[in-house]
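Below is one structure, written out as structure tokens; the observations come after it.
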Amino acid sequence: SAGYDMATGSEMNGSGNLMDFLEESVPEVGMYEDFYTIDWLREKSRDTDRHRKITSRSKESLWERIKGLLDAWSGWVVMLLIGLLAGTLAGVIDLAVDWMTDLKEGVCLAGFWFSHEQCCWTSNETTFEDRDKCPQWKTWSELLVGQPEGASAYILNYLIYVLWALTFSFLGVSLVKMFAPYACGSGIPEIKTILSGFIIRGYLGKWTLLIKTVTLVLAVSSGLSLGKEGPLVHVACCCGNLFCCLFSKYSKNEGKRREVLSAAAAAGVSVAFGAPIGGVLFSLEEVSYYFPLKTLWRSFFAALVAAFTLRSINPFGNSRLVLFYVEYHTPWYMAELVPFILLGVFGGLWGTLFIRGNIAWCRKRKNTKLGRYPVLEVIAVTAITAIFAFPNQYTRQSTSELISELFNDCGALESSQLCDYINDPNMTRPVDDIPDRAAGPGVYAAIWQLALALIFKIVITIFTFGMKMPSGLFIPSMAVGAIAGRMVGIGVEQMAYHHHDWFIFRSWCRPGADCVTPGLYAMVGAAACLGGVTRMTVSLVVIMFELTGGLEYIVPLMAAAVTSKWVADAFGKVGIYEAHIHLNGYPFLDSKDEFRHRTLATDVMRPRRTEPPLSVLTQGSMTVEDVEALIKDTDYNGFPVVVTKESERLIGFVQRRDLIPAIRNARKVQDGVVSNSIVYFTEDPPPLLGNSPCPLKLWRILNLSPFTVTDHTPMETVVDIFRKLGLRQCLVTRSGRLLGILTKKDVLRHMAQMANQDPESIMFN
Amino acid sequence: MAVGTVFMVLYLLVELAVSDSSKSSEDVRCKCICPPYRNLTGHIYNKNVSQKDCNCLHVVEPMPVPGRDVEAYCLLCECKYEERSTTTIKVTIIIYLTVVGALLVYMAFLMIVDPLIRKQDSYIQPLHNEEDTERLFCPGSLLAGGVGRMGPVGVQSPASDTRPFAPSHAQARANTVLERVEGAQQRWKRQVQEQRKTVFDRHKMLS
């Protein structure tokens, strides 16, 4: 079946690299169409053919052998390029977000491109109490009216903050709507579907890459409650798709391309969190469908290259890859597992609440008039977010900074409100061994503000995720968890300080020792909430431990992650990404679902009893005209080929996309093929009689090994076969005779029906 | 694809060139934070020293405590070596603003100027080049396939052939770069329109 796609492909893409750049790839004849599922087995066999051809040619000459080597190394070259570009883009995004977030509050006179922290970097006027103030940084009220403090200054700052936020988000949504509508949302549900074999043309294109990068910065800078991790995975996969075009090994084979995309997804998470191993595990657990061992090693390579590139750009000025990297080594105690498990329960409950709320809101957006005003919706949500966020210092700052502050342990050197503990002036302990202290008034004020911030974030994130702007949800979930964790941590710390003679504290907490680290509770809370929403397991723990740089906290993190997953699973089976896949009706056959019903293949196959009989082609009794009529009247993707309509003995299966160009080509090129010619699907058609027209031999496009199951095969086995082999369709036979056909869409609809969901919601093929 | 690689290579070269050159004195510092001690307030000390000299004794000047208390005081202080690259920040922000500006200009062009140009050309008859329609698919053809609609594929755009040549010129069609660019732009616009319909109007994808 190889001939057609190669030949016509090169014909059409003849001229100009300029054209290759300017246009998205036009699907070639014989290639898959938009919104279709690929045939994994066919792609695999094509790749094996290609490889065999190269190996056999490499024995001919030195040049061929070099070409063979280059082919083998092409995978690594692609990984290197993906890592470089993903790291570069992540660095650009981090720097730009840093600057634009601070632009809402003021501007640096020493150079407008400096953010607040960078502006005051070289200043000698920073004091211990006011580390943020320096004369080069001016807030907008200072610039415009010359008044740094006071009620009018506050109101002016407020107004300008809201205006900047609105400008950024309006700009973002207009760019998305105008240039790349596929750039909105998180991207992970769609990438999961693409990696399972679905084709969405343009989703990983160049314009989507550009617009997603640019608007991600705008979205995060506008103060909306969203993160950049999910969109970074999309950006990295776009980079992967971009570099696949360099080698025909990947550009012509959709199955191989998805191996590259899996590795690119790992690189995306790696730069988002500075966690290469976590990235690979995330790609393995959450995003990829088939993950051969070769991909594991290559993904790790891509993730490492991306992390190194980001490190060399050094966006945060301290050689760290993430803003909230912390490193502490204070021990934790067994008795603290109780609050950790409570945090896990909170995480699970929040996850359930978020998933239900968000899906309900997205469904409303999909089905009602709300969905007709995307730009207005974005502006309204931004306005509400900005108006409520400004008064509270913990929501005014960017969410990453909030998480960083919450994760930070309070040594003697912190002067923030959260670290306003009552210090013993005669204390001379070194920095990292400060004992537990009583909380000062600043801490209590901080707790009130944090509680308000928590409620606000819980509510607003439900409405923000899924808007027509790039939006991720890792950072908001971690923020919610970190706030809750820190509050619990401070509570436990104060209880231990004031009541150290209680039974629960007596054994492990002596007065004057550093027992409780509220920062650790914040981390555990963040992990719990993230696990409750996404239902990640191993990858979550690894990402968190790579963030903290220590193996010591694996047990608390695992306890919280496991608890939150159990609690969340008790209320709903699926995580947020699978829920969005169901909502949009993507044809995603989840490998985590278990099919436990006792239906048989006959119950699901087509044609049903009320439907017209199966459209088949016969081996040697149909004319070209009949075949063309059949193609025109139906819209099936393929037709089984039987010996005769009476015997119904199956010979093979022929795909529509191979049949049409074959017939068209034959009509144009071969002499004597007319509408009355008989189409033969055999190797040796019978000899011509008299003046009958030339036969059309279509033996080459026939697939002689279509998958078949018998009618009494349980659906459990059928679902397993579809999942493990990546089939698109499967024929059903009884006593050797063709009975019907089962497509992936039928299987998905059946599963949805069995789960009491709407089977009509599976929209794609 | 080519432009992506070119952009990235250029950016990395700029970065390497910049980082190789001598670091400006502004970009490196050792920051020591010392908390309140006895009757002293907390203080932050910045000094431009190398990494091995980044400790309390070299940076904290003038030392606020007498000699015997220096060790106790320095135990409380925390010193960190930090470096940054101002040029990276400047280059990145300026590149980003340029890209956003270019996109805005293009958006304004597409929304305002383009319809005016297209209106002028609508007087001219579109010319269907026979050769080209053979290579591309006919609308509503056999390839319409399962979803029942044409993907963003190959319907010959009437507006891309805008010159009123006689049919004899059709064979020797001038393939100037401008014309091909325009053809590509039309195809891209149609693709974006399809995407917009899928996402914003029919809500078929991305809720």
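The values are calculated or read from the model by the stated rules, or taken from the named source; none is laboratory data. In this text the structure is predicted, and so the values were computed from the model without any measurement. Here the Cβ positions follow ideal geometry from the backbone for every residue, glycine too, while neighbour counts run over all protein chains shown. Just the protein is used for accessible areas: all its heavy atoms, side chains included, with ligands, DNA and RNA removed. Shrake-Rupley method; radii C 1.70, N 1.55, O 1.52, S 1.80 Å.
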Every pair of residues 6+ apart whose Cβ atoms lie under 7 Å, when the first sits in the stretch A:109-138 and is in a helix (DSSP H, G or I) while the second is among the aromatic types (Phe, Trp, Tyr): A:His116/A:Trp137; A:Cys119/A:Trp137
The one condition in (1) open to solvent by less than 80 Å² (accessible area, probe 1.4 Å); (2) within 21 Å of A:Thr101 (Cα to Cα); (3) free of Cβ contacts under 8 Å to residues at least 24 places away in the same chain that A:Gly150 fails to fulfil: (2)
Those residues of the stretch B:66-81 which are surrounded by fewer than 17 Cβ atoms within 10 Å (Cβ to Cβ) and either among the charged types (D, E, K, R) or away from chain A (no Cβ under 12 Å) (or both), in sequence order: B:Pro66, B:Gly67, B:Arg68, B:Asp69, B:Val70, B:Glu71, B:Lys80
Criterion: at pLDDT 55 or above and more than 10 Å from chain A (Cβ to nearest Cβ) - qualifying residue of B:Val49, B:Val3: B:Val49
Matching option when the condition is open to solvent by less than 50 Å² (accessible area, probe 1.4 Å) and touching a helix residue (DSSP H, G or I) at 6+ places or on another chain (Cβ under 9 Å), among A:Val574, A:Val642: A:Val574
Test for A:Arg667: is it at pLDDT below 85 and under 27 Å from A:Asp39 (Cβ atoms): yes
Candidate set: the stretch A:33-68, residues that are farther than 30 Å from B:Met205 by Cβ and in contact with an Asp or Glu (Cβ under 7 Å, 6 or more places away or on another chain); chosen: the one least open to solvent (accessible area, probe 1.4 Å): A:Ser58
Contacts under 9 angstrom Cβ, first residue in the stretch B:167-186 being at pLDDT below 85, partner of a type in the set (D, E, K, R) and open to solvent by less than 50 Å² (accessible area, probe 1.4 Å), 6 or more apart: B:Ala170/B:Asp161; B:Arg173/B:Asp132; B:Arg173/B:Asp161; B:Arg173/B:Glu179
Boolean, B:Thr98 is within 30 Å of B:Cys32 (Cα to Cα) and either part of a helix (DSSP H, G or I) or facing chain A (nearest Cβ under 7 Å) (or both): no
Subset of the stretch A:555-566 (residues that are closer than 17 Å to A:Leu353 by Cβ and open to solvent by 30 Å² or more (accessible area, probe 1.4 Å)): A:Lys565, A:Trp566
Test for A:Leu696: is it buried (at least 20 other Cβ atoms within 10 Å of the Cβ), hydrophobic (A, V, I, L, M, F, W, C) and not assigned by the TED database to the domain that holds A:Leu195: yes
Output for the stretch A:582-603, where each listed residue is over 20 Å from A:Phe653 (Cα atoms) and open to solvent by less than 30 Å² (accessible area, probe 1.4 Å): A:Leu583, A:Asn584, A:Gly585, A:Tyr586, A:Pro587, A:Phe588, A:Leu589, A:Asp590, A:Phe595, A:Thr599
Residue in the stretch A:649-669 that is farther than 17 Å from A:Ile741 by Cβ, open to solvent by 50 Å² or more (accessible area, probe 1.4 Å) and assigned to a loop (DSSP other than H, G, I, E, B) present: no
Candidates A:Val674, A:Val709, A:Val679, A:Val718 - the one that is in a loop (DSSP other than H, G, I, E, B) and among the β-branched types (Val, Ile, Thr): A:Val674
Candidates A:Ala306, A:Ala267, filtered to the one that is within 14 Å of another protein chain (Cβ to nearest Cβ) and within 14 Å of the chain's Cα centre (by Cα): A:Ala267
Residue list for the stretch A:509-542, restricted to those being within 43 Å of the chain's Cα centre (by Cα) and open to solvent by 10 Å² or more (accessible area, probe 1.4 Å): A:Asp514, A:Arg535, A:Thr537, A:Val538, A:Val541, A:Val542
Whichever residue in the stretch A:128-147 is surrounded by fewer than 13 Cβ atoms within 10 Å (Cβ to Cβ) and out of contact with any Leu (no Cβ under 9 Å at 6 or more places or on another chain) and, among such residues, is farthest from the other protein chains (Cβ to nearest Cβ): A:Gly146
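Every residue, every condition in (1) assigned by the TED database to the domain that holds A:Ser471; (2) surrounded by 24 or more Cβ atoms within 10 Å (Cβ to Cβ); (3) at negative phi, yes or no:
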{"residue": "A:Ser196", "(1), (2), (3)": "no, yes, yes"}
{"residue": "A:Gly202", "(1), (2), (3)": "no, no, no"}
{"residue": "A:Ala219", "(1), (2), (3)": "no, yes, yes"}
{"residue": "A:Leu246", "(1), (2), (3)": "no, no, yes"}
Members of the stretch A:359-394 found to be polar (S, T, N, Q) and open to solvent by 10 Å² or more (accessible area, probe 1.4 Å), listed by number: A:Asn367, A:Thr368, A:Asn392, A:Gln393
The stretch A:505-518 residues that are in the same structural domain as A:Asn408 (by the TED database), paired with ones that are among the acidic types (Asp, Glu) (beta carbon under 7 Å, 6 or more apart): A:Asp514/A:Asp433; A:Asp514/A:Asp436; A:Cys515/A:Asp436; A:Val516/A:Asp436; A:Val516/A:Glu493; A:Thr517/A:Asp409; A:Pro518/A:Glu493
Qualifying residue in the stretch A:608-624 (condition: open to solvent by less than 70 Å² (accessible area, probe 1.4 Å), more than 23 Å from the chain's Cα centre (by Cα) and under 24 Å from A:Ser270 (Cα atoms)): no
Selection within the stretch A:292-313 - in contact with a Leu (Cβ under 9 Å, 6 or more places away or on another chain) and buried (at least 20 other Cβ atoms within 10 Å of the Cβ): A:Thr295, A:Ser299, A:Phe301, A:Ala302, A:Val305, A:Ala306, A:Ala307, A:Thr309, A:Leu310, A:Ile313
Residues located in the stretch A:604-631, provided they are touching a residue at least 40 places away in the same chain (Cβ under 8 Å), more than 17 Å from A:Glu648 (Cβ to Cβ) and touching a Lys or Arg at 6+ places or on another chain (Cβ under 9 Å): A:Val604, A:Val624
Residues of the stretch A:533-571 that turn out to be in contact with a Lys or Arg (Cβ under 7 Å, 6 or more places away or on another chain) and small (Gly, Ala, Ser), as a count: 1
Candidate set: the stretch A:634-648, residues that are more than 11 Å from chain B (Cβ to nearest Cβ) and not in a loop (DSSP other than H, G, I, E, B); chosen: the one farthest from the chain's Cα centre (by Cα): A:Val642
Set A:Leu321, A:Leu293, A:Leu310, A:Leu349: member being at pLDDT 95 or above and not hydroxyl-bearing (Ser, Thr, Tyr): A:Leu349
